[in-house]
Structure formats: structure tokens, C-alpha cells
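First up is the structure itself, then whatever we jot down about it.
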Amino acid sequence: MERSLDDPMLVERTKAQALAKTSRGRRTMVWAQAIAFMLGALLLVYLLRAVGIQPIFAALGRVGFGFFIVVAINGTRHVLRTIAMRLGVPPEHRRFSFFQAFAARLGGESLSFLTFAGPLLGEATKVALLRKRVPLLHGVPALVVDNLLYNLSVVLVVFGGACLMLFAYPVPTVAREALILIAVIAFLGMIAAALAGRRRVTLLTNIIDRLARRGFKPRFLRTRRHHIYRIELTVYAFYKRRRAAFFSMIALDLTSHVTSVLEVFVTLRMLGLEPRVGAAYIIESLTKVINFAFAFVPGTIGVYETGNGIILRTLGYTTAIGVALAIVRKAAIVFWTVIGLLIIAGRTVPNAWANVLDRSPRLQKTMDNLVLSNIAHRPARTAVSIAGIAIGVLLVVFTVGLAHGLLRERGRREANIGAEILLRPSGAILSGSQPFTLPVAHATEIARIAGVRAAVPIGQALDKSDTGFGSRLIEGIPFAAYAALNGLTIKEGRTLERGG
């Protein structure tokens, strides 16, 4: 006996199978995200062990409060992208302020940075945060156009960076081949976009149709073919009707890339280097390739730091500088990500708490407790307090660890001199950074004090290392007095001579 397609049992079974398949797909995605995060974390641990913690901390110690300059430059990029996103919405439907658009962007970007399905979930979050002020019919196309134009500008920046590195720097054969491949792919992408824009060709839709005619019909392309077609038509309509906004958005996107290059340049200067603008541009352009290739790794943990280390080592810097640069820039990204998460929490937590309280009368009675009610009714303030305390504790731990490392290293160096007491000028904290103010004749006066076996003058000065990273301590001391101080004997060779 055959069942009709209208059989309720068959329909319910089909729905159940579809839900089960969707659930399995979500679980698979969650596991894949967790595995990618763990592998990235292991890669970061391996990199830190290979490079060493001390040179990275020494480089980060140079940044200090300059980190907030990096945060400000990073925030400027968000400001420019917010203006571009706002321009994408028609003026008659732009019923939201700049700060509301800025909050929506931070909320969406925080999920894009942290989650496996970053771009899709991030853009959906922006739409959700603005849904009360912008109709979906106009909000979604604006975000689509904004992202497409930004990605086109990224392709242009990547192409320029790859070409500049190929012609301006001597690179190994493997790196040269990778750069040529990147440049060719970026160039073909720009040519395809230019031809499609000139002839009004729905390029992606045509590619899907040709693949289907040749028997390649993946479900994820077949089901999204209509949406891709509508997106391409939306871009062409936007260019035709609003050309001033179109080119203004491109200009804002290119300016945002300039701020990214400035961020790299300023950070390298804070790390004690004297970089060129071209090198900063190359670093930023190739970093965009890393972010695109490993977008499936939450937070690009591990791969971002490793990629920066490889890029800077290829440019003649050290791997430690590359890792330090990546850590500083990612810390700035995390700063704005935390703000974005707080914005999302401020929008969602009150409604979630209200739903929970409505469903649980017992919990509603418990809310009479002052602490719980304060947390429930002031979630934003509570989250800011928690974040502030956590950041304060982390800064204290970081500062104490850095200070202990510097003092331990200085103690190890000065223990090799052999003297039990080192006399320094009043007010001096560490030697090497102050001018020589104590007269050498003081050594003779100190030697006359009862109980003093020997007193030797010593000069210490900090100088830049040959590699351009970190510093070295240069010590000057009379050799004969130094040998008598710690019992130095020469088995072979000769002593240092004047002028030697």
C-alpha cells in the first residue's frame, strides 16, 4: 500500500529527520570548532616555547601604556567601517545614530572573532541589533554591499603587498612561490570583479550554473543559488542608483586599511625598531591572508602569532618581534571584542532573565536577595565590574612577572662580577641607564674602610643589540682589579691590553 505525500505521519517523519540532520550538523560544527581551537592553542604554546618567553616579555615591556594608542588606532578602524556600513543604508531608512551603528558593529565583530561561523553569525548579529530601526529589506542589502566592497579592497591591498615584497625584499624560494600564487589569485579576483561590474554579469551565479551543467551539484550551492543571485543584483542596483555612496564606502574601506598599516608601524616603533612604511604595509597585507585562510580557527589563536613570526623573520626581523607584534595587536582586538560582548549581553541578558523568572516562580522569590537582584537588573554594570577586576588582576600579574624577570636577569648578570656590594648614585634604580656621576676616586676612599677587601670602579651602559631587538649591557672595568676581585686566572693567552 503506497502512502500519499500528504500523509501526516510521513510529513512528521520527514521533519524529524531534517531536524536530526540539522542537529548532527551543529554538533559536528561545534566539535570542529573545539578541535581547531585546541590545535591553535597547542601551536601557540609550541611557538612560545621555541622562541622563549623572556624576549617576548622584554619586547612587550617596551610598549607599556602605549598599548592604549594601539587600541585607539584599532578603534579608528571600527569607526571608519561603521561610517561605511551606515552609508550603505538609504537615507530615508537610516533611523539610527552613529553610536547605535557602532555598537551593532562591535557586537557583530565580537562574534565574528570568537566563533567558527564568524562572518555569517557576525553579520546576522548586526542585523539583529539594528532590526528595530532598519527594515530587513534595507538592512541586509546594506551589509552585503559593505562586506563585498571591503573584501574587494582587501584583495587590492593583498595584491599590492605581495608585489611589493617580491620586488623589494630578497625572499626564499618557497616564500617567493607562495607570494606569486597570492598575487596571481588576487589579480584574477580583481579582473573578474572589474569585468563583472562592467558587463553586469552575475559571475557567481553563472559559475554555479556551469558547475551544475557538468554534474557538480553540491547541496550548499544549489540551495543558496537564488540568494547569491539576489545579492549580485543588489550590488549592481546599488552601484547604479547610489554611486556617490558606492565610491565613498570604497574610500572609507581603503582608509581603514591605512589605519591598519599605521597600527603595525606604531607598534613596531614601540617595540624598539625603526620600521619602514613599506614593511608595515607588507606585514598588514599578508596578515589579511592569514586571517582569511584560517578564519575557521576561533580567534585565529596560534596561527595569527605564528604567521606574524614567519612574516617578520622573512623581512629580516626576529620571530620574537613578530610574536610580540601579534600579541599587542590581538590584545587590542580583544579589548574591542570584550566591549562588543558587553553590548550583546546588555541587549540579551535582561530579556533572558525575564523569561527565566516568568517560568520559575521559585527563582523569582529568590530574587528578593539584594545581590542577585542587583546582578539581574544591572547586568551591564555587573559585567563591566567583572571585566574591570579581571583586567586589573591580569595587569598586576603581568607587571609583577615582568619586573621579577628583569630583576632576576640583572641579579644573575651582576653576580658574575664577584662583588658583594654595588654602590650606585642616590636615586638610581638600575644601572646602565644613568650617566656616570660617581667619581672614580671614590673607589680609593671606599677601599680604606675597615673590612673592605677590594673596591673597583665599574661603568655600565645599555646599548642596542646588533639584531635591533632588545638591548645589551656593556660593562667597563680595570682588568687587573677585576681579576683580583674574583680570583680570575688565565691558563692560556694574555690579558687585555690598553686599546685592545
> Has the range 225-244 got any residue that is among the hydrophobic types (A, V, I, L, M, F, W, C), on the phi < 0 side of the Ramachandran plot and modelled with pLDDT of 85 or more?
Replying inline: yes
>> Against the definition (surrounded by fewer than 17 Cβ atoms within 10 Å (Cβ to Cβ), under 19 Å from Lys126 (Cα atoms) and in contact (Cβ under 8 Å) with a residue 40 or more places away in the chain), how does Arg94 come out, yes or no?
In response: yes
> Out of all the residues in the range 252-259, is one or more of a type in the set (A, V, I, L, M) and open to solvent by less than 10 Å² (accessible area, probe 1.4 Å)?
Replying inline: no
> Only one of Phe102, Phe57, Phe68 is surrounded by fewer than 19 Cβ atoms within 10 Å (Cβ to Cβ), part of a helix (DSSP H, G or I) and at pLDDT 80 or above; which?
Replying inline: Phe68
> When you scan the range 438-471, how many residues do you find that are modelled with pLDDT of 75 or more, under 30 Å from Arg269 (Cβ atoms) and surrounded by 15 or more Cβ atoms within 10 Å (Cβ to Cβ)?
Replying inline: 2
> Among the residues of the range 332-348, is there at least one that is assigned to a helix (DSSP H, G or I), among the polar types (S, T, N, Q) and open to solvent by less than 30 Å² (accessible area, probe 1.4 Å)?
Replying inline: yes
> In this structure, is Leu262 surrounded by fewer than 16 Cβ atoms within 10 Å (Cβ to Cβ), in contact with a Ser or Thr (Cβ under 9 Å, 6 or more places away or on another chain) and touching a residue at least 24 places away in the same chain (Cβ under 8 Å)?
Replying inline: no
> Quick one: is Val174 assigned to a helix (DSSP H, G or I), more than 30 Å from Thr82 (Cα to Cα) and either β-branched (Val, Ile, Thr) or modelled with pLDDT under 80 (or both)?
Replying inline: yes
>> One residue is enough: does the range 297-313 have a residue meeting the conditions without any contact (Cβ under 8 Å) to a residue 60 or more places away in the chain, open to solvent by less than 10 Å² (accessible area, probe 1.4 Å), hydrophobic (A, V, I, L, M, F, W, C) and over 22 Å from Val155 (Cβ atoms)?
In response: yes
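The values are calculated or read from the model by the stated rules, or taken from the named source; none is laboratory data. Note that the structure is predicted; figures quoted are calculated from it, not measured. Neighbour counts run over all protein chains shown; Cβ positions are idealised from the backbone, glycine included. When the accessible area is computed, the model is the full protein with side chains, heavy atoms only, and any ligands, DNA or RNA have been set aside. Shrake-Rupley method; radii C 1.70, N 1.55, O 1.52, S 1.80 Å.
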